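Report on the structure given below.
Every number here is computed from the coordinates shown, using simple stated rules; none is lab data. Note that the coordinates shown come from a computational prediction; the quantities given were computed from them, not determined experimentally. Cβ sites come from the backbone with ideal geometry, for glycine too, and all protein chains shown count toward neighbours.
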Amino acid sequence: MRWKSGRRSQNIEDRRGRRAAAGGGVGLLLVALVVVLLGGDPRSLLQVVGSGAGSAAPAGPPPAEQAEAADFVSVMLASTEDVWGEIFQASGQSYRQPRLILFSGRTRAGACGMGAAAMGPFYCPPNQEVYLDLTFFDDLARMGGSGDFAAAYVIGHEVGHHVQNLLGTSDQVRRLQQGRSQGDANALSVRLELQADCYAGVWAYHANRGTAVTLSPGDVDEGLRAAAAIGDDRMLSRAGRDVVPEAFTHGSSQQRQQWLRRGLESGDPQVCDTFSG
C-alpha cells in the first residue's frame, strides 16, 4: 500500500506507555485467549472484569519497532474518517468519528470493562472507541494474514462496527438475540461480523480512488488471506475443536472473504446487507 503521504488522524489515544494496574494479570489473558479461540464475544468477559479494574500505571516507552505501525494506523483511521464522512454526507447524515485507543497488554475500556491484547482488536459501542494492541498484527501474520492491507482490513472492520453502531444495526441485532437459543444468537453475530467485513471493503474501494491511500498489486490478496485466517472454521481448528457452524460467531473463512470482496468490488454500502435471506 502507498500511505505515507496520507493525513494522520487526531482521534487516536496512545496508551502504550501505560499499563492497567488491576489484578488478574496472566490469568485474565489466558481466559481471554480461550474466549477468542472458541469464537466467543469478548465483551461479556470485559464487562465482568471491568468492575475490578484499577488505575493506569507507567509501563515504559512504547517499543521503537512499533513506531511505523502506529503511524500506519493513524493514516488508516484518517482515511476511514474521510471516506465514511463522505458516504454519510451523501445520504444526508452526519458521521461521528470514532476514537482509536492504542494499548499494550491490557487497558480500561470504559463501559466495556477491561480490554486485553489476547482478545484481539475490538470495538466498544457505548464508548464509540476501537481498541488495538499493535502486537495483534504480528499474531495475524503468523496465522497467514501478513502485509499492510491485512492490517488495514482489521482497522476497516472495526470501524465497520462503528458504522453499524451509528446506523442502529448493532442495537437491533442485540435486541433480536434476546431470548434466542445460543445457535440462533451466534448466527446473528455472524451476520453482524460479515457486514463489518463488507464495510471494510467499501472503505478500501473508496480509499483506493483517492491519492493519499492507494492499493498496490497483491494488496487485495493480502486482505483476503487475512479474512480467511480469522475465519471461525480455522480458529476452531487451531483450538483443537470440532468445526461446528452453530458455534460460529464471525463467519467461516470463505464467508469472510466473500463479503470483504463484495465491498471491495462495489464500494456500495447497500450491497452489505448480510441480514436478508
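Summarising the strand pairing of the range 77-158, around 60 percent of its internal DSSP beta bridges are antiparallel.
For residue 67 and residue 128, a Förster radius of 30 Å and the Cβ-Cβ distance give a FRET efficiency of 0.70, rounded to the nearest 0.05. Backbone phi angles across the range 218-235, fed through the Karplus curve with coefficients 6.51, -1.76 and 1.60 (θ = phi - 60°), yield HN-Hα couplings of x, 5, 4, 4, 4, x, 5, 5, 5, 4, 5, 4, 10, x, 4, 4, 6, 5 Hz in residue order; Gly and Pro are listed as x. When the Cα atoms of the range 121-277 are aligned to their principal axes, the ranges along those axes come out at 48, 37, 31 Å in descending order.
Using the average count of surrounding beta-carbon atoms within 10 Å as a protection proxy, the listed peptides 192-204, 132-144, 102-114 rank, highest first, as 192-204, 102-114, 132-144. The length gained on full extension between residue 270 and residue 243, counted as 0.36 nm times the residue separation minus their Cα-Cα distance, comes to 6.6 nm. Can you give the FRET efficiency for residue 176 and residue 93, using 1/(1 + (r/R0)^6), R0 = 22 Å, r = Cβ-Cβ distance, to the nearest 0.05? After rounding, the FRET efficiency stands at 0.45. Karplus-based coupling profile of the range 183-189, in residue order and whole Hz: x, 5, 5, 5, 4, 5, 4, with θ = phi - 60° in 6.51 cos²θ - 1.76 cosθ + 1.60 and x standing for Gly or Pro.
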